[in-house]
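Scroll down for the structure; my scribbles are underneath it.
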Amino acid sequence: MPPIDIPVDTLILPGLNGSPEAHWQRHWARDNPESRVVEQHDWTCPEREDWLAVLERQVDMLGRGVWLVGHSLGCVLAARFAESRLATRIRGALLVAPCDLDATEVLHPCAIKFGAMPQKRLPFPSLIVGSLNDPYMPVDRLQRTAQAWGSDLIDIGNAGHINIASGFGRWSAGYDFLELLKERSAVADVTRGRLFSAAGVQQGLSLN
């Protein structure tokens, strides 16, 4: 039988240096055929505009709504994508261990050209999964970032950078977090629909 063509609905966004084969993001792509890793041309010296252009092409080619699953700098990329003309195609974003650009600059001097940390509220639902001892994101900045982005925040304790070095290879709990995001997004959609409906009723009443 010919292979079944499963449409892609999830784009996986690795961070600096990409995600090696044992990383949970690579396991995710292998375990979920509807997922695809967005491969950047330069993993070691990321430039914001280059990475954004690659992601925009991927979203544009799919031509449908997609979920984003980012790790570290991939989360910052997702936040920057909020300013893209294609941001309306993002159904939601699971943002795992987002890195703070100032902290990352200290750990990897002059390696990343991403400008300042995004501070605008994201126009799509988002869930941040963070750690209490992430060297790339102090807890106070994690909380401020979640607030600025309008993201729900879940900390999973002392989990380092939620990568291979901190014991996260195949990470099945990550799938649960995406499902949680989808559930919350669905509830939010229903709530918004009720608000719009109520507003329409109120407007109709006011015209009578």
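The values are calculated or read from the model by the stated rules, or taken from the named source; none is laboratory data. As the structure is a computational prediction, the values presented were derived from the model and not from experiment. Virtual Cβ from ideal backbone geometry, glycine too; neighbours counted across all protein chains shown.
Looking across segment 84-99, the residues that are closer than 20 Å to GLU47 by Cα and crowded, with 19+ Cβ neighbours inside 10 Å come down to LEU95, ALA97, PRO98, CYS99. Which one is surrounded by the fewest Cβ atoms within 10 Å (Cβ to Cβ) among residues in segment 1-24 that are more than 18 Å from the chain's Cα centre (by Cα) and among the charged types (D, E, K, R)? Selected residue: ASP5.
Give the residues of segment 124-137 that are among the aliphatic types (A, V, I, L, M) and either more than 16 Å from the chain's Cα centre (by Cα) or not in a loop (DSSP other than H, G, I, E, B) (or both), sorted by residue number.
LEU127, ILE128, VAL129, LEU132
When ARG170, ARG194, ARG184, ARG121 are screened for being part of a loop (DSSP other than H, G, I, E, B) and modelled with pLDDT under 95, only ARG170 passes.
From the list ALA146, ALA159, ALA103, ALA111, which one is part of a helix (DSSP H, G or I), within 14 Å of SER72 (Cβ to Cβ) and hydrophobic (A, V, I, L, M, F, W, C)?
Details: ALA146 fails: within 14 Å of SER72 (Cβ to Cβ); ALA159 fails: part of a helix (DSSP H, G or I); ALA111 fails: part of a helix (DSSP H, G or I).
Unique residue meeting the criteria: ALA103.
Identify all residues within segment 1-24 that are part of a loop (DSSP other than H, G, I, E, B), within 21 Å of THR88 (Cα to Cα) and of a type in the set (A, V, I, L, M); write none if there are none.
Within segment 1-24, the subset part of a loop (DSSP other than H, G, I, E, B) is 1-9, 14-23.
In the following step, the residues that additionally are within 21 Å of THR88 (Cα to Cα) were identified as 7-9.
Matches in segment 1-24: VAL8 only.
The set of residues from segment 1-29 being without any contact (Cβ under 8 Å) to a residue 24 or more places away in the chain and either farther than 15 Å from PHE168 by Cβ or aliphatic (A, V, I, L, M) (or both) comprises MET1, PRO2, PRO3, ILE4, ASP5, ALA29. Scan segment 103-158 for residues that are without any contact (Cβ under 8 Å) to a residue 24 or more places away in the chain and surrounded by 19 or more Cβ atoms within 10 Å (Cβ to Cβ) and the total you get is 1. Within segment 25-61, if we keep just the residues that are closer than 18 Å to ILE90 by Cβ and small (Gly, Ala, Ser), the residue that is surrounded by the most Cβ atoms within 10 Å (Cβ to Cβ) turns out to be SER35.
Within 15 Å of the chain's Cα centre (by Cα) and assigned to a loop (DSSP other than H, G, I, E, B) - does that describe any residue in segment 56-67? Looking for residues that are within 15 Å of the chain's Cα centre (by Cα) and assigned to a loop (DSSP other than H, G, I, E, B), one finds at least one in segment 56-67, hence yes. Residues in segment 68-100 that are part of a strand (DSSP E or B) and in contact with a Gly (Cβ under 6 Å, 6 or more places away or on another chain) were compared, and the one that is farthest from GLY130 (Cα to Cα) is ARG91.
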